[in-house]
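Just below is one structure, and these are the notes that go with it.
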């Protein structure tokens, strides 16, 4: 999956029926479920599930299928949230920062934000020394970075990739028709 961030888009919305919504929820819970299993859960045949998944993919409502890995089991015992402020906002600092941050694999999410900081980063590292030496020093040395303030995560209370879908209820409309 290239980029899991939500993009601002002017694309048309789509009409989702209750089956589509339940299918999306089931896929979020287990992308490895067979079409047969998904069909049993949402009361459709495996072939109908397959066709719907293809249409939802083609419509851009599904942006990828991934395996979620356990960072602690993989030796990534430190999680940090870092707040980056640039020195200026009128030059190429933002473009340079965004380009350079893509090359740091320990940074798993980067958001351009409003407020006190310009960017918020989610970082995983093996230990505190690795976080400090390998990641934060690289970030503070990037062109245009004015300051980096980090918080170490002590305990993860909630972490999910599942988006809320209860607001859909078949209300998304499309000039192009439905995704059925």
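Scanning the stretch 108-121 for residues that are in a strand (DSSP E or B) and crowded, with 18+ Cβ neighbours inside 10 Å yields 110, 119, 121.
Counting the residues of the stretch 29-60 that are more than 21 Å from residue 162 (Cα to Cα) and either in contact with a strand residue (DSSP E or B) (Cβ under 9 Å, 6 or more places away or on another chain) or assigned to a helix (DSSP H, G or I) (or both) gives 5. Write out, first by first residue and then by second, each pair whose Cβ atoms fall under 6 Å of each other, whose residues are 6+ apart or on separate chains, and whose first residue, in the stretch 56-76, is free of Cβ contacts under 8 Å to residues at least 40 places away in the same chain while the second is in a helix (DSSP H, G or I) and surrounded by 10 or more Cβ atoms within 10 Å (Cβ to Cβ). Listed pairs, sorted by first residue: 62/56.
Scanning the stretch 86-109 for residues that are closer than 19 Å to residue 152 by Cβ and in contact (Cβ under 8 Å) with a residue 40 or more places away in the chain gives a single hit, 109. Residue check: residue 60 meets all listed conditions (1) modelled with pLDDT under 95; (2) surrounded by fewer than 15 Cβ atoms within 10 Å (Cβ to Cβ); (3) under 19 Å from the mean Cα position of the chain (by Cα); (4) on the phi < 0 side of the Ramachandran plot but one, namely (4). If the condition is being touching a residue at least 60 places away in the same chain (Cβ under 8 Å) and crowded, with 18+ Cβ neighbours inside 10 Å, then the stretch 45-55 contributes only 52. Can you name the residue in the stretch 122-145 that is touching a helix residue (DSSP H, G or I) at 6+ places or on another chain (Cβ under 6 Å) and either modelled with pLDDT under 95 or in a loop (DSSP other than H, G, I, E, B) (or both) and is also surrounded by the most Cβ atoms within 10 Å (Cβ to Cβ) among such residues? Once the filter is applied, the top-ranked residue is 144.
The values are calculated or read from the model by the stated rules, or taken from the named source; none is laboratory data. Not measured: the values here are computed from a predicted model. All Cβ positions, glycine included, derive from the backbone under ideal geometry; neighbour counts span all protein chains shown.
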